Amino acid sequence: MISQKAQDAAFFDMVHELIRTNQLLQDPQSVSKGAERRMEKRISYPYVQLMAPFDGKTLPSQSDFRHVYCNDISTRGFSYFESPLPTYRQVVMLFGKLPFRVFTAEVRHVQKTANPEIFLIGCRILSRIKS
């Protein structure tokens with residue numbers, strides 16, 4: 001059995017590898033100067049993951065989780081698409097396959113998309129929940 005520390009390292013190695021790959025593919029001319037405030041690079045992460053609203057105290061039950069389509073990811077945060085407009089301020093996100101990497105995150109911004117019923121939700125990771 002792989003230790004929790006090794007699983008964490010593998011997950012963040014994967015994120016860093018995705019960032020390195022994306023940097024090689026990205027055209028520096030296409031990035032607008034001054035528009036990005038993040039210190040770390042976010043990379044495309046077009047995968048369906050499990051998410052549940054979180055009250056900050058009690059972990060959601062299995063039935064509270066639903067599939068969301070992710071947009072991007074970094075070592076400090078991620079974004080995903082949601083409908084309808086969310087009323088929650090925190091989430092629990094399950095990344096990867098079993099065993100999941102479980103994180104709590106704070107909703108930092110909500111952005112409209114071209115579809116008025118779908119919103120892009122930007123989150124900052126607060127903590128890792130070890131199983």
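The values are calculated or read from the model by the stated rules, or taken from the named source; none is laboratory data. Remember, predicted model here, so these are calculated numbers, not experimental data. Neighbour counts are summed over all protein chains in view; Cβ atoms, including those assigned to glycine, are modelled from backbone coordinates with ideal geometry.
Quick one: which of 12, 100 is at pLDDT below 65 and aromatic (Phe, Trp, Tyr)?
Values: 100 fails: at pLDDT below 65.
Among 12, 100, only 12 is at pLDDT below 65 and aromatic (Phe, Trp, Tyr).
Condition check ((1) modelled with pLDDT of 95 or more; (2) charged (D, E, K, R)) across all residues:
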{"residue": "2", "(1), (2)": "no, no"}
{"residue": "19", "(1), (2)": "no, no"}
{"residue": "31", "(1), (2)": "no, no"}
{"residue": "38", "(1), (2)": "no, yes"}
{"residue": "42", "(1), (2)": "no, yes"}
{"residue": "46", "(1), (2)": "yes, no"}
{"residue": "51", "(1), (2)": "yes, no"}
{"residue": "65", "(1), (2)": "yes, no"}
{"residue": "78", "(1), (2)": "yes, no"}
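With respect to (1) of a type outside the set (A, V, I, L, M, F, W, C); (2) over 19 Å from residue 47 (Cβ atoms); (3) touching a residue at least 12 places away in the same chain (Cβ under 8 Å), the lone exception for residue 111 is condition (3). Tell me, please, whether a residue that is among the aromatic types (Phe, Trp, Tyr), out of contact with any Pro (no Cβ under 9 Å at 6 or more places or on another chain) and either assigned to a loop (DSSP other than H, G, I, E, B) or in contact (Cβ under 8 Å) with a residue 40 or more places away in the chain (or both) can be found in the range 56-73. Within the range 56-73, one or more residues are among the aromatic types (Phe, Trp, Tyr), out of contact with any Pro (no Cβ under 9 Å at 6 or more places or on another chain) and either assigned to a loop (DSSP other than H, G, I, E, B) or in contact (Cβ under 8 Å) with a residue 40 or more places away in the chain (or both).
Criterion applied to 73, 121 was being in contact with a helix residue (DSSP H, G or I) (Cβ under 8 Å, 6 or more places away or on another chain) and under 24 Å from residue 40 (Cβ atoms), and the one residue passing it is 73. For the range 75-88, filtering for residues that are over 19 Å from residue 50 (Cβ atoms) and in contact with an Asp or Glu (Cβ under 8 Å, 6 or more places away or on another chain) leaves 2. Residues of the range 78-104 that are free of Cβ contacts under 8 Å to residues at least 40 places away in the same chain and either farther than 23 Å from residue 44 by Cβ or surrounded by 15 or more Cβ atoms within 10 Å (Cβ to Cβ) (or both): 82, 84, 85, 87, 88, 89, 90, 98, 102, 103.
Quick one: would you say residue 124 is surrounded by fewer than 17 Cβ atoms within 10 Å (Cβ to Cβ), on the phi < 0 side of the Ramachandran plot, free of Cβ contacts under 8 Å to residues at least 40 places away in the same chain and out of contact with any Pro (no Cβ under 8 Å at 6 or more places or on another chain)? Explain how you work it out, then say what you get.
Numbers: surrounded by fewer than 17 Cβ atoms within 10 Å (Cβ to Cβ): yes; on the phi < 0 side of the Ramachandran plot: yes; free of Cβ contacts under 8 Å to residues at least 40 places away in the same chain: no; out of contact with any Pro (no Cβ under 8 Å at 6 or more places or on another chain): yes.
No: the conditions fail for residue 124.
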